[in-house]
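Report on the following structure.
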Amino acid sequence: MTDRSGLEDYLSSRNIKYRTDEPLSAHCSFRIGGQADFFALPADTEELEALVSFCRENLIRYRLVGRGTNLLFDDAGFRGLIISLSLLDTVRREGNEIVALCGAQLSKVCLLASNEGLSGIEKLFGIPGSVGGAVYMNAGAYGSEIKDVCTSVTVLDGEGNTVTLSNADCDFSYRRSVFTGSGNVILSARFALTPGDPAVIRSEMDEIIAKRVEKQPLDLPSAGSAFKRPEGSYASKLIDECGLKGLTVGGAQVSPKHAGFIVNIGGATSSDVRALSALVAEKVYAETGYLLTPEPEYVEP
């Protein structure tokens, strides 16, 4: 970041909510991370677009954060501006479609769809992230992915233009999209659904949540699946077969309940998580030949 006082003056002049030296551990599901120099909360997409444009023009380092469920912040924090999307959480129905802003929880979309008798997105219920994050990485569960229901995404591109991309333009693939690493800012997404029986939809959502509670270590901080699925197998299966459940480095542990999760059992640091992740990948590769790639995105300080 090049101009701390200039950024603070801008945020104050635009009445954008912000805090300095904000602990990032409070803004991610891992409960790990040092302080960010600045932490801003734009109230709408107009404030978000203006803030991003200001940062780009003034070479201020920034990072967008939705619900922080697939991120690992460094213990040293973040030198620059974290832009939280948590206030951009509007979700509405338009015909048989749901339109949601980037900061809305994906589960909020699922609940609205269920209440309105719209089917097609219920299998994604329980994924803890935001709409923006889900689109960014083409989130999925139980055989369903964002690409199956997302018809268009509106973004702020690298030139400062607001454009809408079709499903085909988004180039969705396994845990990736055209937005991954692009620098484009996802503003909102539109999901096309089909009419259904609200009771049936809700019943399936209840079953999905029951499965998550039964199989996943939801009582401990984590970033969800620790590794992407390798072609031809499953990360959790490989880790379990290698006898790595319970393997611990510092406060980070391979969950004894679900081998695909690395959990914070108390006081875990980003160094603990990264060291454990590397150790697991090394052991799995040595014993099986499969190369595991971390799924949570590490945010450098």
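For this structure, a couple of remarks:
- Residue tally, condition surrounded by fewer than 23 Cβ atoms within 10 Å (Cβ to Cβ) and touching a Pro at 6+ places or on another chain (Cβ under 9 Å), over segment 53-70: 1
- Beta carbons closer than 9 Å, at least 6 apart along the sequence or on distinct chains, pair a first residue in segment 272-295 that is assigned to a loop (DSSP other than H, G, I, E, B) with a second that is of a type in the set (Ser, Thr, Tyr) and crowded, with 16+ Cβ neighbours inside 10 Å for Leu292/Ser277; Glu295/Ser225.
- The set of residues in segment 199-223 being touching a strand residue (DSSP E or B) at 6+ places or on another chain (Cβ under 7 Å) and not in a helix (DSSP H, G or I) consists of Gln216, Pro217, Leu220, Pro221, Ser222, Ala223.
- Selection within segment 130-140 - open to solvent by 20 Å² or more (accessible area, probe 1.4 Å) and touching a residue at least 60 places away in the same chain (Cβ under 8 Å): Gly133, Met137
- Residues in segment 152-198 that are crowded, with 17+ Cβ neighbours inside 10 Å, part of a strand (DSSP E or B) and among the small types (Gly, Ala, Ser): 4 in all.
- Filter result for Phe73 (open to solvent by less than 60 Å² (accessible area, probe 1.4 Å) and in contact with an Asp or Glu (Cβ under 9 Å, 6 or more places away or on another chain)): no
- Single residue of segment 240-258 satisfying the filter (in contact (Cβ under 8 Å) with a residue 24 or more places away in the chain and open to solvent by less than 40 Å² (accessible area, probe 1.4 Å)) that is nearest to Arg31 (Cα to Cα): Ala252
- Condition check for Gly143: closer than 24 Å to Thr293 by Cβ, open to solvent by 40 Å² or more (accessible area, probe 1.4 Å) and out of contact with any helix residue (DSSP H, G or I) (no Cβ under 9 Å at 6 or more places or on another chain): no
- Within segment 84-111, residues that are closer than 16 Å to Ala192 by Cβ and open to solvent by 40 Å² or more (accessible area, probe 1.4 Å) reach partners that are part of a strand (DSSP E or B) and among the charged types (D, E, K, R) with beta carbons closer than 6 Å, at six or more positions or on different chains, in the pairs Glu97/Arg190.
- Counting the residues of segment 143-177 that are at positive phi and in contact (Cβ under 8 Å) with a residue 12 or more places away in the chain gives 3.
The values are calculated or read from the model by the stated rules, or taken from the named source; none is laboratory data. Note that this is a predicted model, so its numbers are computed, not measured. Cβ atoms come from the backbone with ideal geometry, glycine included; neighbour counts cover every protein chain shown. All accessible areas refer to the heavy atoms of the entire protein, side chains included, with ligands and DNA or RNA removed. Shrake-Rupley method; radii C 1.70, N 1.55, O 1.52, S 1.80 Å.
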